[in-house]
Each structure stands twice: as structure tokens, then as C-alpha cells.
Amino acid sequence: MIDDAPLPELDDDTAPFWQATCRGELLIQACGSCGALRHPPRPMCPQCRSLEVEWKQMSGNGTIWSYVVARSPLLPAFEPFAPYNVCVVSLEEDETIRLVGNVIAEEGAPINSVDPTTIEIGQRVRVVFDRVADDVALPRFVRA
């Protein structure tokens, strides 16, 4: 856990995502009309403008689409962990759905547990969850 780290705000649109992460599940919002997946969660489908919502279970498997190495974090809470990676992972089910997180050595490891020079775009990863508050577990990724 990172003391004083900013946490996401839960609202009607995002709460199901965060409730699922606390259960160790990755759910992505889908349009109840056309079926298009969307993330981050929002009230209206950008494809068909429907307000119908479903939540779909994802495998948690994905590919590193991009990443950066934070060497001088902007937020003081992250300073002790620098340098650490911040990666964007595209999901196996739909490569346009991308999650932001960290590649870590194993479930429960800190965000700086992987040498950033060993990370490569295109690497296969799978999601794990790091509970950081009673109602929030952040997605992190381990190499598949």
C-alpha cells in the first residue's frame, strides 16, 4: 500500500468496476444495446449512444501497449518507489480497451519490483489486484 496515494472516486458509472476488482475480477463495461466494450466506464455508449449498460467478465490477459518509467514522480506519495514503471495494457478481448497499471514481479509485490529495462512493448501480461483501500483494488500486471 502507498500512503497518501490518490484513490479513484467511485460513482454510479465506476462503482461496479471497482467492486469487481475488490473481488479479484476484471469486469469491463459494455453497451447493452450494441455490445461495444468501453473503458473507462461512462453512462453513454460512444458507438450507438445507448444508455443501456452491461458488465462483462474479462480474462485479464493482455499485452503491454506502451509504458513509461517515472523517475521523478509528481506526487510525493510515489517518491520512495521511483523509478517505477507505468504501463498501458491492451486487453486480449478487445485491443482498444486499455488499462493503466504497473508491471510487478508477482502478486503483492511493490510497483518498483521489476527492473524497468526488462519491460518490452508487446510483452504478454495478466492482471492481478492490489487492495489499497476497503473499496479499491488497483489492477497491476505480472508477466504471463
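Bear in mind that the values in this text are calculations on the coordinates, not laboratory data. Please read all numbers here as calculations on a predicted model, not as lab measurements. Here the Cβ positions follow ideal geometry from the backbone for every residue, glycine too, while neighbour counts run over all protein chains shown.
Values as computed for the structure displayed
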| quantity | calculated |
| --- | --- |
| Formal net charge of residues neighbouring S33 (Cβ-Cβ distance under 10 Å; K, R +1; D, E -1) | -1 |
| Formal net charge of residues neighbouring E106 (Cβ-Cβ distance under 13 Å; K, R +1; D, E -1) | +1 |
| Contact order normalised by residue count of the chain, Cα under 8 Å, 6+ apart, percent | 23 |
| Proximal charge balance of V53 [Cβ under 11 Å; K/R count +1, D/E count -1] | -1 |
| Using distinct alpha-carbon pairs, which all enter the 1/r mean, Kirkwood radius of the chain in Å | 15.8 |
| Computed E for E25/E120 - FRET, C-beta separation, R0 22 angstrom, nearest 0.05 | 0.20 |
| Those Cys residues of the chain for which no other cysteine Cβ falls under 4.7 Å | C22, C87 |
| Label-point separation, M44 to A82 (7 Å along Cα→Cβ), nm | 4.0 |
| For the chain, share of DSSP beta bridges that run antiparallel, in % to the nearest 5 | 95 |
| Simple label model, 7 Å out from Cα along Cβ direction - T14 to S33, nm | 2.5 |
| Extension gain from V69 to A105, taking 0.36 nm per residue of separation minus the Cα-Cα distance | 11.4 nm |
| Over 17 Å [Cα-Cα, region 10-57], rounded percent | 26 |
| Packing-based exposure ordering (other Cβ within 10 Å, fewest first) of V128, V89 | V128, V89 |
| Radius of gyration and Dmax over the Cα atoms of region 69-130, both given in Å | 12.1, 36 |
| Antiparallel DSSP beta bridges within region 60-144, percent to nearest 5 | 95 |
